[in-house]
Every structure is written in C-alpha cells, then in structure tokens.
Amino acid sequence: MHEGTGSTSVTGGVRGHGFSTLAIHAGQEPDPLTGAVVPPIYATSTYKQDGVGGLRGGYEYSRSGNPTRTALEASLAAIEGGSHGFAFASGLAAEDAILRGLLAPGDHVVIPDDAYGGTFRLFDKVAAKWGLRYTAAPLTDLASAMNADTKMVWVETPTNPLLNIADIEQIADLAHRSGVTVVVDNTFASPYLQQPLALGADIVVHSTTKYVGGHSDVVGGAVIVNDDELAEKIGFHQNAMGAVGGPFDAFLTLRGIKTLGVRMDRHCDNAERVAEYLAGHPKIAEVRYPGLATHPGHDLAGKQMKRYGGMVSFRHKDGEQAALDVCGRTEVFILGESLGGVESLIEHPGRMTHASVVGSALEVPADLVRLSVGIEDADDLLADLRQALG
Ligand code: PLP
C-alpha cells in the first residue's frame with residue numbers, strides 16, 4: 001500500500017496528546033527538505049519513478065495518494081482518535097464510499113428519520129437504485145428497525161436540522177451483538193466535542209466543509225476508522241471510485257483544523273446565548289438546542305459531548321411565511337446554506353437544505369429556521385435576531 005492511503009502512525013511522534021496539540025501538529029511535521037512549518041501544497045498529479053516501480057516517497061499518482069492529502073488524513077485520524085483517515089472531495093463522496101465500499105446490493109441499512117436531507121437522498125435515489133435497502137427510523141429507536149439483513153446502522157448526532165441526540169454507546173452495543181457496523185456522522189459536533197470511535201462506533205464520517213474546515217472556503221469529506229480491515233476496504237474504494245479532494249483543499253482543511261478547538265468553544269459560547277435569548281422570545285414556539293435543559297436529549301448530550309455545539313434551530317409561532325421573513329431580514333446572519341464557518345448563517349431548511357426531502361418521512365416543519373451561530377461578538381448576533389424577529 002502506498003503512503004497516501006490512510007495512515008497508521010497518526011500521532012507521528014507528536015509530544016502531547018491534547019486535542020489542540022494533535023490538531024496543530026499531527027501529520028504536519030516540518031518539511032524535512034526545507035524546514036517549512038506548514039506542509040506544502042503538492043500540486044502534482046504524478047511522481048517521477050527511479051526505474052519502473054522505484055517510488056521515492058511511496059507516491060505514484062495523486063488520485064491514489066498525495067503528500068498534502070496524506071498530512072490531512074493523518075491529522076483527521078489523530079483528532080478523531082482513529083488509526084486511519086481518508087479525505088474525500090465532499091461529505092457525500094465520503095458517505096458513498098462507505099455505502100458502496102462496504103455493503104452489497106440486497107443489504108439493509110437503518111438510518112435516522114431526521115438525517116441530513118442529502119444523506120437521505122443518497123440512500124433513496126442513488127444507493128437504493130444500486131440495490132441497497134434502507135429503513136428510516138426514529139433516532140432514539142434505531143434498533144427497532146434492524147432485521148436479519150441489516151448490515152449497518154447510520155447515526156447522525158446531533159441531527160441536521162432538528163438537533164436530536166442519539167446514544168452512540170447504546171446503539172453500538174446493540175448493533176455489535178448482531179455484527180452490525182455503526183457509522184456516525186459527526187459533522188455537527190466536530191471531533192472536538194464528540195469522539196464516536198471512543199464511544200464504540202466503527203466508522204466516523206464528516207462533511208469537513210463544515211466545522212473541520214471552518215471558514216466556508218472548501219468542500220470536503222472524511223472517513224475515519226480504527227480497524228485495519230475496514231481501512232483497507234475504504235482505502236481501496238477511495239482510490240477505485242476516485243472522489244478525492246485536491247491538495248489545495250487539503251491545505252485549507254488542515255489550516256482550519258489547527259483552530260478547531262478554539263473556534264468550537266466560541267461557537268458554543270455564542271450558541272448558548274442565542275438559544276437562551278430565543279427561548280425567552282414571545283414569537284418563538286420552540287427552540288431546538290441540546291444545551292437547553294428543556295431539550296429531550298440534554299442529559300445524553302451532556303454525557304457524550306464536551307459541549308453542545310454551535311447549531312440552533314427554532315420554530316416561529318406565526319408559521320412558514322414568518323419564518324421566511326426572519327431569514328430575509330437578518331443583517332449579520334447571512335442567508336445561505338451550509339454551516340460551521342466562522343460567520344453566522346441563517347436558513348429555512350424546508351425550502352433550502354432539506355427541500356429534497358419534502359413529501360418524505362424526513363420532511364421538516366415549514367416554520368423551522370436553522371442558525372449556524374458563528375464566532376462574531378454575541379451581542380451583535382442577539383441584536384440582529386432581535387431586529388429580524390421584530
Ligand atoms: N452530513 C451532514 C450532517 C451535513 O450537514 C452535510 C452537508 O450539509 C453532509 C453530510 C454532506 O456534506 P457535503 O455537503 O460536504 O457533501
């Protein structure tokens with residue numbers, strides 16, 4: 001196996017194993033040739049061989065492996081507590097490699113009935129055509145939908161956009177009794193707040209487009225595992241299916257990872273203030289934020305997450321048009337899809353990120369607004385919401 005396909009020595013001799021020490025150093029040793037502190041962007045598709053098969057650094061072609069991507073993959077594995085990381089061109093490309101790389105037509109998968117709409121679309125419109133069968137079940141009762149053909153349970157926690165919380169440890173216990181693989185989409189929490197492999201999950205998947213990258217300037221995905229056999233299969237399909245990110249994407253993502261810990265703490269500080277403010281607002285019917293004591297998953301989130309994250313959703317008392325009006329009136333919160341960047345974003349899931357699930361079991365309430373609370377000054381965010389809510 002060439003060096004680019006995953007990484008086995010993820011901490012690479014880094015002294016100290018605190019989250020931010022690993023985030024800043026793992027996979028990113030100074031360049032041995034020049035001493036450059038930041039891994040260079042290896043903008044090359046191929047590598048000179050010293051005689052046929054004489055690979056200098058183990059690299060032969062950049063779909064199979066690229067040194068900037070290797071640095072990112074080692075970093076991803078280290079910050080998720082895994083042994084192998086794989087970087088993809090997007091979160092959905094990473095998900096596809098898990099589904100079609102590990103499963104076969106006829107296999108059955110259980111997915112949460114409020115998973116990210118694009119994930120559901122991948123199951124429903126792509127993998128199902130290929131022969132995969134799935135059942136969408138309530139996040140808190142995924143085990144009830146398992147049958148003799150179930151090979152995988154797909155968990156997203158917190159969910160997008162309803163911020164529901166699943167018990168990773170309990171699901172992993174149950175699934176493993178029947179030899180079922182557990183995948184956790186850790187995009188909303190980020191590895192700083194939640195480490196699913198340590199809680200018993202087999203595979204972690206990310207849209208690194210979100211908190212991991214953190215600056216709304218790159219689209220990417222990641223798969224992290226702690227098992228050589230799984231790594232071999234994912235690595236094979238990463239290369240065989242070819243949906244890899246480029247070296248500049250890897251560089252941007254690595255730059256984001258270095259500040260993940262400090263960014264997440266600030267996202268959490270701000271989101272807690274926003275959620276409390278909204279919870280006391282007369283025009284809000286319901287606030288969905290795991291940090292609120294009224295949230296049904298509050299205790300569980302407190303157990304398996306370090307803090308409660310930067311995403312807040314709320315339902316407007318006056319219905320869909322009022323929710324759309326709020327989205328159109330904010331000035332600091334930018335109206336746009338995606339999440340997890342330093343800037344605050346607002347969106348209407350029913351008409352935007354989750355439009356693809358309208359009419360399905362995953363349809364979201366029409367009066368729902370989703371906030372990705374950024375790291376601006378909290379007082380400015382509260383003032384913006386105050387004027388937008390009127
Ligand atoms: N998983 C979650 C929870 C998401 O929110 C998203 C995108 O919004 C994805 C996966 C897909 O990631 P990408 O857009 O990078 O393909």
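What follows is calculated from the coordinates using simple rules that are stated; it is not laboratory data. Note that the coordinates shown come from a computational prediction; the quantities given were computed from them, not determined experimentally. For neighbour counting, all protein chains shown are included, and Cβ atoms are generated from backbone atoms with ideal geometry for every residue, glycine included.
Some notes on this structure:
- GNM on the chain, alpha-carbon springs under 10 angstrom: the most fluctuating residue among GLY302, GLY35, GLY65 is GLY35.
- Springs between Cα atoms under 10 Å define the GNM used for the chain, and in it the highest mean-square fluctuation of GLY242, GLY256, GLY291 occurs at GLY242.
- Peptides 21-33, 221-233, 51-63 ranked from most to least packed by the mean count of surrounding Cβ atoms within 10 Å: 221-233, 21-33, 51-63.
- Computed [θ] at 222 nm, deg cm²/dmol, the chain (DSSP H ≥ 4; -39,500 (n - 2.57); rounded to nearest 500): -9500 deg cm²/dmol
- Inter-site label distance for GLU331 and ARG255 at 7 Å from Cα along Cβ, in nm: 3.0
- Its alpha carbons give the chain an Rg and a Dmax of 20.8, 74 Å.
- In the chain, the DSSP beta bridges split such that about 55 percent are antiparallel, to the nearest 5.
- Each label was represented as a point 7 Å from its Cα along the Cα-to-Cβ direction; for ALA104 and GLU343 these points are 4.9 nm apart.
- Distance (nanometres) between label positions extended 7 Å along Cα→Cβ at TRP130 and ALA322: 4.4
- Against the chain, whose longest principal axis comes from its Cα atoms, helix 320-329 is set at around 70 degrees.
- Between 0 and 90 degrees, the angle of helix 67-80 with respect to the longest Cα principal axis of the chain falls at about 50 degrees.
- Listed peptides 38-49, 176-187, 274-285, 107-118 by packing density, highest first (mean Cβ within 10 Å): 107-118, 176-187, 274-285, 38-49
- Against the chain, whose longest principal axis is taken from its Cα atoms, helix 378-389 shows a tilt of about 50°.
- Prolate/oblate/rounded call for the stretch 261-389, Cα gyration tensor, a/c under 1.5 rounded: rounded
- Rounded FRET efficiency, nearest 0.05, which uses the C-beta distance separating ALA285 from THR21 and R0 of 45 Å: 0.55
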